Amino acid sequence: MLSVEPGFVPGFSSAKKIFSKIFVETESLCIFAKQNNNIMKNTINHNGIEVIKLNSIRSAKYDDNVERHGEHSNTCFICGKPTGSHWFVHFTTRGFLIPADIDETELEFRNLESQGCFPIGSECAKKVGKQFLIEFK
Ligand SMILES: [Zn+2]
C-alpha cells in the first residue's frame, strides 16, 4: 500500500499516475446499497451536484477522539479515531464533501475549492455512500 498524506488531491497532479480507480462495488460493500436512503438524507444540492455538509455527518465525539488519540495521517475525518482504512473523502473550503469523480475543472465550474482528501474509516464510510469514497491502495 502506498502511503498518502491527508490533504493530497487525487487527479490534480503527479498523484494522478498512482491514484487508483474510483471506488468500485465489491461484495463486501453491498451494505452501502442498503443504507442509500440514509445517505441521501445527508446530501444537499450545490450548483448542480450532490454534496455532503461535513457538519451534518461529523461525529459529536470527533474532538474528544482527536484529543484522546492525537491527530495523525490516519485520523478518520468523521469520527476522529485512528483508521486502517485506505478510503478517503474529498473536502472543500465551503465545508462540503464532494463526489469522488469531481475533477479540477468541474470543481472550479461548481465554484468550489479543494482542501484535499482525508482518511475515512470503514464504519464512517457507510455514512457517506460509495460515490463519495476514493480508494487509495
Ligand atoms: Zn470514523
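A simple rule links phi to the HN-Hα coupling: the Karplus curve 6.51 cos²θ - 1.76 cosθ + 1.60 with θ = phi - 60°, which for region 84-95 gives x, 5, 10, 9, 9, 10, 9, 10, 10, 5, 7, x Hz, with x for Gly and Pro. Taking the number of Cβ atoms within 10 Å of each Cβ as an exposure proxy, the fewest-first ranking of Leu107, Leu133, Leu97 is Leu107, Leu133, Leu97. Among Lys130, Lys137, the ranking by other beta carbons within 10 Å of each residue's beta carbon, starting with the fewest, stands as Lys137, Lys130. Taking amide H positions as modeled 1.01 Å from N, with prolines and chain starts lacking one, the residues under 5 Å from Gly116 and 5 or more places away or on another chain are Phe91. When region 88-137 is described by a simple charge dipole with +1 on each Lys and Arg Cβ and -1 on each Asp and Glu Cβ, the residue from Ile98, Val128, Leu112 located farthest towards its positive end is Val128. Placing R0 at 35 angstrom, the Cβ-Cβ distance between Glu123 and Asp103 gives a FRET efficiency of 0.80 after rounding to 0.05. Placing +1 on the Cβ of every Lys and Arg and -1 on the Cβ of every Asp and Glu, with nothing else charged, gives region 26-135 a dipole about its Cα centre of roughly 560 debye.
Values quoted throughout were computed directly from the atomic coordinates according to the rules given, and no laboratory measurement underlies them. This structure is a prediction, so every number in the text was calculated from the model and none was measured. Please note: Cβ atoms are built from the backbone with ideal geometry, for glycine as well, and neighbour counts cover all protein chains shown.
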